[in-house]
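Participant: Just passing along the structure, written as C-alpha cells.
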Amino acid sequence: MSNKILELQEIKREFRVGSELVRALKGVSFEVVSGEFLTIMGSSGSGKTTLLNTLGCLDKPSDGKYLLDGVDVGKLSRNELARLRNHKIGFVFQAYNLLARTSALENVELPLLYNPEISVKERKERAMRALEAVNLADRLDHTPSQLSGGQQQRVAIARALVNEPVMILADEATGNLDSRSSYSIMALLQDLNQQQGKTIVFVTHEPDIASFSNRTITLRDGKVMKDSINDNRRSAKEVLAAIPASDDY
C-alpha cells in the first residue's frame, strides 16, 4: 500500500481582516503519497498561499485535520511544529533566501545547525553531498553574488535536501528565473523525483511549469476545483535541450 506523506481532511481557514471574515480555505481535502510530484495551481485569491502555509506547518487550520508523515499537525505545540518543519519539510522559495555573505556550503549547512545530534564533520559532509546532487560541487565556496539566479536556486534546493526531508515544498521556485533557468530547475526537480524518489509539492501559477509534474491540483475561491493526473507529462530536459545555450543555469 502506498505511503501517504500528507493527508488533508476538510481543511478550512478563516481569519478576520478588520470587520470582514475571510474564508481562505473552504474544506480542502487531498492526499499525497511518497514519490509523487504534485503541483498546486491557483490565481491570486484562490487560497494557494494559505494552503502553502498550512502544508509547511507555518499556519494551523481553523477546522479539519492535516497529517504529515502520519503526524497530526493540529495536536502539536509551537516547538513541536518547528521541529517537525525542520526534519520533515525542505523549503524552496521564489526569492532563494540565501545569506548574502555566506558561502554556498555554509548556506546549505544552515538547517543542520539546529540538530545537536549531527557533528560539524557530518554537517559539512552532508552539505557537500547535497551540493553534488544539484551539480554545484565546484561552487562550494562561492557566495550568492558570485552565482547566477539559477545557481542560487540550486543552492536553495540543496539546502532543502540536506535534512533528508519526507517532502520538498517549493513556492513559485522558478518565479524569479528566465525560461532556460526555470527549465533547468524543473529538470533537476524531475531528476530528484524520478531518480531519487523525492516527494515534491510545487506551488505555481504557471500551467507551463505544472506540465512537468505528474499531478496537478487547481484551487479556486478556497476549494479544490480540479485534481488531475498529467498523462502527457513533459520532460524538462527535452525542453531545455531545445533552447539556445546560456551560462545562467
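The values are calculated or read from the model by the stated rules, or taken from the named source; none is laboratory data. Source: prediction; values computed, not measured. As a convention, Cβ positions derive from the backbone with ideal geometry for all residues, glycine included, and neighbour counts pool all protein chains shown.
Participant: Would you check if there is a residue in segment 92-107 being out of contact with any helix residue (DSSP H, G or I) (no Cβ under 6 Å at 6 or more places or on another chain), among the aromatic types (Phe, Trp, Tyr) and not in a loop (DSSP other than H, G, I, E, B)?
Facilitator: Yes - at least one qualifying residue is present in segment 92-107.
Participant: Output the number of residues of segment 116-146 satisfying the condition of being basic (Lys, Arg) and either in a loop (DSSP other than H, G, I, E, B) or within 17 Å of residue 181 (Cβ to Cβ) (or both). Spell out the reasoning first.
Facilitator: To start, the set of residues in segment 116-146 that are basic (Lys, Arg) comprises 121, 123-124, 126, 129, 139.
Among the residues that remain, those that are also either in a loop (DSSP other than H, G, I, E, B) or within 17 Å of residue 181 (Cβ to Cβ) (or both) are: 139.
Count: 1.
Participant: Select from segment 214-249 the residues that are among the polar types (S, T, N, Q) and over 20 Å from the mean Cα position of the chain (by Cα) and list them in ascending order.
Facilitator: Once the filter is applied, which keeps residues that are among the polar types (S, T, N, Q) and over 20 Å from the mean Cα position of the chain (by Cα), segment 214-249 yields 232, 246.
Participant: Working only within segment 203-213, note down all residues that are under 15 Å from the mean Cα position of the chain (by Cα) and part of a loop (DSSP other than H, G, I, E, B).
Facilitator: Hits for segment 203-213 are 205, 212, 213.
Participant: Quick test of your reading of the structure: residue 64 fulfils all but one of (1) more than 30 Å from residue 219 (Cβ to Cβ); (2) in contact with a strand residue (DSSP E or B) (Cβ under 7 Å, 6 or more places away or on another chain). Name the failing condition by number.
Facilitator: (1)
Participant: Name the residue that is surrounded by the most Cβ atoms within 10 Å (Cβ to Cβ), counting only residues in segment 50-79 that are among the charged types (D, E, K, R) and touching a helix residue (DSSP H, G or I) at 6+ places or on another chain (Cβ under 9 Å).
Facilitator: 69
Participant: Give the residue that is farthest from residue 69 (Cα to Cα), with candidates limited to residues of segment 92-104 that are of a type outside the set (Ser, Thr, Tyr) and buried (at least 20 other Cβ atoms within 10 Å of the Cβ).
Facilitator: Across segment 92-104, the extreme among qualifying residues is 104.
This table checks each residue for (1) among the basic types (Lys, Arg); (2) assigned to a helix (DSSP H, G or I); (3) touching a helix residue (DSSP H, G or I) at 6+ places or on another chain (Cβ under 7 Å).
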residue: 177; (1), (2), (3): no, no, yes
residue: 181; (1), (2), (3): no, yes, yes
residue: 190; (1), (2), (3): no, yes, yes
residue: 195; (1), (2), (3): no, yes, no
residue: 198; (1), (2), (3): yes, no, yes
residue: 201; (1), (2), (3): no, no, yes
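Participant: Touching a residue at least 12 places away in the same chain (Cβ under 8 Å) and surrounded by fewer than 21 Cβ atoms within 10 Å (Cβ to Cβ): does that describe residue 140?
Facilitator: yes
Participant: Still on this structure, please answer the following. Look at residue 133 and say whether it is in contact with a strand residue (DSSP E or B) (Cβ under 9 Å, 6 or more places away or on another chain) and either surrounded by 18 or more Cβ atoms within 10 Å (Cβ to Cβ) or farther than 30 Å from residue 25 by Cα (or both).
Facilitator: Numbers: in contact with a strand residue (DSSP E or B) (Cβ under 9 Å, 6 or more places away or on another chain): no; either surrounded by 18 or more Cβ atoms within 10 Å (Cβ to Cβ) or farther than 30 Å from residue 25 by Cα (or both): yes.
So residue 133 does not fit the description; no.
Participant: Just to verify a result, which residue in segment 62-91, among those that are in contact with a Ser or Thr (Cβ under 9 Å, 6 or more places away or on another chain) and assigned to a strand (DSSP E or B), is farthest from residue 199 (Cα to Cα)?
Facilitator: 64
Participant: On to the next question. What number of residues within segment 214-249 are more than 30 Å from residue 62 (Cβ to Cβ) and assigned to a loop (DSSP other than H, G, I, E, B)?
Facilitator: Residues meeting the conditions: 15.
Participant: Residues of segment 189-202 being surrounded by 16 or more Cβ atoms within 10 Å (Cβ to Cβ) and more than 14 Å from the chain's Cα centre (by Cα), which ones?
Facilitator: 191
Participant: Now, a different point. Starting from segment 227-240, take each residue that is modelled with pLDDT under 90 and list its partners that are hydrophobic (A, V, I, L, M, F, W, C) and surrounded by 13 or more Cβ atoms within 10 Å (Cβ to Cβ), counting only C-beta distances under 6 angstrom and pairs at least six apart or across chains.
Facilitator: The qualifying pairs are 240/187.
Participant: Identify the single condition in (1) modelled with pLDDT of 95 or more; (2) of a type outside the set (Val, Ile, Thr); (3) closer than 22 Å to residue 88 by Cα that residue 153 does not satisfy, given that it satisfies every other one.
Facilitator: (1)
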